[in-house]
Structure formats: structure tokens, C-alpha cells
There are 2 protein chains.
Amino acid sequence: MPRRTDTRRRMVRTAADLFHAQGYHATGLNQVLAEGGAPKGSLYFHFPGGKEQLAVEAIALAADDLCTALRAVFESTPDPVEALTKALALLGDRLERTDFREGCPISTVALDASAESEPIREACVSAYDSWQQVIADHLDGDDALATVALAAIEGAVLLARTRRDLAPLHAVGTRLAALIGRTS
Amino acid sequence: MPRRTDTRRRMVRTAADLFHAQGYHATGLNQVLAEGGAPKGSLYFHFPGGKEQLAVEAIALAADDLCTALRAVFESTPDPVEALTKALALLGDRLERTDFREGCPISTVALDASAESEPIREACVSAYDSWQQVIADHLDGDDALATVALAAIEGAVLLARTRRDLAPLHAVGTRLAALIGRTS
DNA sequence: AACCAACTAGACCAGTCTGTATAGTTCCCG
DNA sequence: CGGGAACTATACAGACTGGTCTAGTTGGTT
């Protein structure tokens with residue numbers, strides 16, 4: 001039985017899910033506590049930095065999860081266009097499964113909190129950077145190109161989530177080859 | 001002195017700016033009131049639907065503003081790639097001017113409120129649709145392609161705002177030709 | 001002048017927010 | 001068995017939330 005228990009971990013997990021679906025300001029600490037089955041005292045014991053610290057860790061966790069998933073896709077798929085299409089499918093599946101509640105794990109928080117909290121902003125930047133790095137690694141290290149691919153994907157997820165329709169994902173998917181400038 | 005006064009208009013304008021920069025949940029009605037110089041009673045006189053109605057109208061206003069600006073750019077610039085580059089510059093200027101507080105006028109709200117309010121979601125969809133329409137009109141009516149262009153722009157603005165760096169905008173700008181599939 | 005709609009003003013309410021304080025429990029170690 | 005750290009549990013605080021209510025003011029019309 002670990003002393004430094006899994007309660008802490010569970011809190012971060014719960015917070016990550018809630019922030020993912022609702023954003024920073026729309027998610028109350030009470031909701032995180034209730035859903036994670038923990039009282040207030042525990043929260044401020046584990047996260048003396050309060051909501052902000054919890055958000056930073058939640059973002060890092062969510063970023064890591066997606067980064068791992070992305071890496072798995074890219075490592076099992078040599079052709080980058082095909083790999084990106086698979087990545088889009090991954091995000092599309094999640095959107096559909098959650099009735100379009102969960103798109104990009106961090107962009108809601110990035111938009112609604114990173115202007116007022118520098119630590120949160122930095123966590124979001126790290127997240128985007130990590131994903132972009134995975135993409136760039138499989139695009140001959142072309143960072144600018146990876147930026148464009150990431151932007152197109154993020155934008156597509158944003159549109160798909162708002163419209164409740166996967167079409168933007170597919171549109172971007174079919175145009176990825178042109179975007180990347182390969183014929184494959 | 002106009003009877004159906006400009007107070008109402010001013011409220012929508014203020015709300016639009018605040019929602020733009022901070023999102024839905026981070027923006028309190030009191031802040032809108034204070035910044036717009038109006039008391040609570042007036043708000044619920046002009047907007048019986050409360051915060052939600054105010055948001056819907058603010059989104060519509062912001063959408064219209066950008067739509068007009070986009071149309072102006074496209075009508076004065078025959079080449080669509082060049083026009084999109086100008087549009088990116090427009091958004092980049094605003095980002096820089098506002099110290100990266102104001103990116104896309106509605107995407108923050110789209111992400112942090114459209115899941116819980118159907119009217120707000122619909123207003124956001126209309127906004128995206130109107131912008132996409134302008135783009136498609138100058139892309140031989142290719143709607144899917146316009147979707148990709150819009151997604152890339154939205155994603156670029158999101159990344160630029162979070163990173164506090166216009167590079168993503170430029171990266172997308174230089175790749176637009178490939179994205180659109182034209183040599184011009 | 002009288003009237004009525006349009007509109008303003010702000011007090012007020014109940015609920016929620018993040019955050020604090022403190023008493024209690026659990027669990028390992030000696 | 002005893003002591004102390006790790007952790008939980010809950011009550012509470014103060015500020016702020018969106019929203020309601022009613023009294024008052026303004027201004028055009030007859």
C-alpha cells in the first residue's frame with residue numbers, strides 16, 4: 001500500500017478530464033473534489049498552490065498522455081501523412097465517444113486561463129511543443145511544417161467540436177498530403 | 001438623444017471585447033457592467049435572457065465585424081493565397097496590439113461555453129460558417145478546402161496566442177499555397 | 001400639464017467560488 | 001505499545017456569481 005497514495009493521482013486525473021471538457025473557469029474545485037471523491041483538506045494538502053497548481057499538473061498529465069499516443073502512432077506508421085491521418089482519427093474517435101465534449105485536451109484551458117496565469121500558459125506551451133516535436137521528428141525535422149500540421153489539426157478539432165461534426169477532421173485529413181508537400 | 005439608446009449597443013460591444021479576451025466563464029456580468037458604465041437593472045431590461053443572451057449577441061457582433069473585414073480583404077485581393085495571407089496579418093496585428101490577449105474573437109467562448117449552452121454554440125457555428133463562406137466564395141466554392149484554410153488559421157491563432165509568438169501565423173502563411181493547391 | 005412607456009439605478013438574494021483552519025484518523029517505525 | 005508523520009474530514013470565511021425586485025427618472029405624445 002503506497003503511502004504517498006493514489007488519491008493525489010486520482011485528483012489530477014479527474015481535474016484533467018474536467019478541464020479538458022469544460023475549461024478552467026467553468027470547472028469548480030468542488031466538482032473536481034466530488035468527482036474524485038476527496039475532501040477539500042486533501043486538495044490543499046497535496047496542492048498547496050491551489051487550483052492553479054492542480055491545473056498545471058493536469059495539463060502536464062493530459063499532454064503526456066496524448067504525446068505517448070501520438071508517438072505510438074508515428075512509430076508504427078512510417079508515412080507521415082498516413083500517421084497524421086491516424087492521429088486525426090484518434091481525436092475524432094474521442095470526440096464522437098464523448099458526444100463532442102472532449103476535443104483537444106488543453107486548448108480550452110489554454111484559451112481561457114493562459115492569459116491570467118503564467119504557469120498555466122507555460123504548461124500549455126510545453127504541451128503544444130511536445131506534440132509538435134513528435135510530428136517534426138517524422139517530418140525530417142521541419143519545425144515550421146510541423147507547426148502548420150499541428151495548427152491545422154487543432155483548428156479542425158475546434159471546428160469539429162463546435163459544429164458537432166467530424167467533417168473538418170476529414171477535410172484536413174484529405175488535404176494533409178498537399179499541406180506536407182509529398183505525393184505519397 | 002436617441003430613445004432606443006446606444007447603451008444597449010455599448011453593452012454588447014463591451015461584452016464582445018471581454019468575452020473575446022477572457023472567455024465566457026471568466027467574464028463576470030459585473031465586469032461588463034462596470035466597463036460599459038451601466039447598472040444591473042439596465043442589463044436585464046435589455047437582455048431578459050441574461051448572460052446567455054448577451055453572449056449570443058456579442059458573438060454575432062464579433063462575427064459580423066470580422067466577416068466584414070475578411071470580405072474587404074478578399075474583395076480587394078484577387079489572389080486567394082495572398083488574401084489569406086493578408087487575413088493572417090490582420091489577426092497577427094491584433095494579437096500584437098493587445099499583447100496577445102485577443103486572438104480569434106469567438107473561439108474561447110466556443111470552447112468554454114458551447115458545450116453547456118446550445119444557443120451560444122449555434123451562434124459560434126454561424127460565425128465560423130460566415131467566415132468560411134467568405135473564403136469558399138474566393139476558392140471556387142470549394143467548401144472542404146475553405147474548411148481546411150479556416151482550421152489552419154484558427155489553429156495558428158490559437159498557437160500564436162498561447163506561445164505569445166507570431167511564428168505560427170507566418171508558418172501557415174507561407175504554406176497556404178501548398179494547402180490550397182495553387183502555384184500562384 | 002398629464003400620462004405612459006422607455007429606461008436607469010441600485011439594493012438585495014441565494015448560491016457558488018477559492019481558500020483556510022483545525023480536529024481527527026490512519027499507518028509505519030521503533 | 002507509543003509516538004509522530006502522512007493524510008483525511010469538515011466546518012467555515014469572505015468575496016463574488018448571476019439574477020430579481022421595486023422605486024425612480026427621463027422624455028416624447030396628446
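For helix A:6-22, report the angle its Cα long axis makes with the longest principal axis of the Cα atoms of chain A; keep it between 0 and 90° and round to the nearest 10°.
Taking the Cα atoms of chain A, the angle to A:6-22 is about 50 degrees.
Below 13 angstrom from the Cβ of A:Arg71, what's the summed charge of the other residues (Lys, Arg +1; Asp, Glu -1)?
Working: positive: A:Lys86; negative: A:Asp64, A:Asp65, A:Glu75, A:Asp137.
Around A:Arg71, the charge tally is -3.
Can you tell me how much longer the chain between B:Leu29 and B:Thr68 gets when fully stretched, taken as 0.36 nm per residue apart minus their C-alpha distance, in nm with one decimal? Write down the numbers at each step before the final one.
Values: separation 39, 0.36 × 39 = 14.04 nm, distance 2.78 nm.
Contour length minus Cα-Cα distance gives 11.3 nm.
So for the protein assembly as shown, if I pair up every lysine 8 or more residues apart or on another chain, how many of those pairs have alpha-carbons under 30 Å apart? Before the final figure, lay out each step's value.
On the way: A:Lys40/A:Lys51; A:Lys40/B:Lys51; A:Lys51/B:Lys40; A:Lys51/B:Lys51; B:Lys40/B:Lys51.
Lysine pairs satisfying the spacing and distance rule in the protein assembly as shown number 5.
Relative to the Cα centre, what is the charge dipole magnitude of the range B:136-184, using +1 at the beta carbon of each Lys and Arg, -1 at the beta carbon of each Asp and Glu, and rounding to the nearest 20 debye? Could the numbers behind the result be given before it?
Details: 5 positive and 6 negative charges, 81 e Å.
Charge dipole of the range B:136-184: 400 debye, to the nearest 20.
In terms of the Cα gyration tensor, with a ≥ b ≥ c the square roots of its eigenvalues, is the protein assembly as shown rounded because a/c is under 1.5, prolate because a/b exceeds b/c, or oblate? The partial results should precede the final answer.
Values: a/c = 1.94, a/b = 1.02, b/c = 1.90.
In terms of gyration-tensor shape, oblate.
How many nanometers, to one decimal and shortest first, lie between the label point of B:Arg101 and those of its other copies, if labels sit 7 Å from Cα toward Cβ?
Label-point distances to the other copies, shortest first: 3.3 nm.
Sort shortest first the distances from A:Asp6 to its counterpart in every other copy, using label points 7 Å along the Cα-to-beta-carbon line, and give them in nm.
Values, ascending and in nm: 6.2.
Between the helical axis of A:80-97 and the dominant principal axis of chain A, each derived from Cα atoms, what acute angle in degrees is found, rounded to the nearest 10?
Around 40 degrees separate the two axes.
Label A:Arg97 and A:Ser126 with points 7 Å out from Cα along Cα→Cβ: what is the distance between them in nm?
2.5 nm
Determine the distance separating the Cα centre of the range A:33-91 from the Cα centre of the range A:143-184; give it in Å without decimals.
If we compute the Cα centre of each part, the gap is 21 Å.
So, with +1 on the Cβ of K and R and -1 on the Cβ of D and E, and no other charges, what is the size of the charge dipole of the protein assembly as shown about its Cα centre, to the nearest 20 debye? Don't skip to the end; give the middle numbers.
Values: 38 positive and 50 negative charges, 234 e Å.
Result for the protein assembly as shown is approximately 1120 debye, rounded to the nearest 20.
Treating only the Cβ atoms of Lys and Arg (+1) and Asp and Glu (-1) as charged, compute the dipole magnitude of chain B about its Cα centre; round to the nearest 20 debye.
Numbers: 19 positive and 25 negative charges, 144 e Å.
So the magnitude is around 700 debye.
If we hang a label 7 Å off Cα along the beta carbon direction at A:Asp143, how far is it from the matching labels on the other copies, in nm, shortest first?
Copy-to-copy label distances at A:Asp143, shortest first: 4.0 nm.
Would you work out which of A:Thr162, A:Cys104, A:Leu84 lies farthest towards the positive end of the dipole of the range A:39-184, given +1 charges on the beta-carbon of Lys and Arg and -1 on that of Asp and Glu, about the Cα centre?
Result: A:Thr162.
Once Lys and Arg get +1 and Asp and Glu get -1 on their Cβ, which of B:Ala123, B:Cys67, B:Gly181 lies farthest toward the positive end of the dipole of the range B:62-184?
B:Gly181
What is the sum of charges, Lys and Arg at +1 and Asp and Glu at -1, for the other residues whose Cβ falls under 15 Å from the Cβ of A:Val32? Could you put the intermediate results ahead of the total?
Numbers: positive: A:Arg8, A:Arg9, A:Arg10, A:Arg13, A:Lys40, A:Lys51; negative: A:Asp17, A:Glu35, A:Glu52, A:Glu57.
That works out to +2.
Under the rule a/c < 1.5 gives rounded, and otherwise a/b versus b/c splits prolate from oblate, where does the range B:112-184 land using the Cα gyration tensor? Walk me through the numbers on the way to the answer.
On the way: a/c = 3.50, a/b = 1.25, b/c = 2.80.
Note, shape of the range B:112-184 comes out oblate.
May I ask for the net charge around A:Asp143, where only other residues with Cβ less than 15 Å from the Cβ of A:Asp143 are counted and Lys, Arg are +1 while Asp, Glu are -1? Write down the numbers at each step before the final one.
Working: positive: B:Arg163, B:Arg175; negative: A:Asp129, A:Asp137, A:Asp140, A:Asp142, B:Asp165.
That sum, taken over residues with Cβ under 15 Å, equals -3.
Pairing the Cα long axis of helix B:118-137 with the longest principal axis of chain B, what angle in degrees results, from 0 to 90 and rounded to the nearest 10?
Roughly 30 degrees, rounded to the nearest 10.
Taken together, the values in this text are just the output of simple stated rules run on the coordinates, not laboratory data. All values derive from a computational prediction rather than experimental measurement. Please note: Cβ atoms are built from the backbone with ideal geometry, for glycine as well, and neighbour counts cover all protein chains shown.
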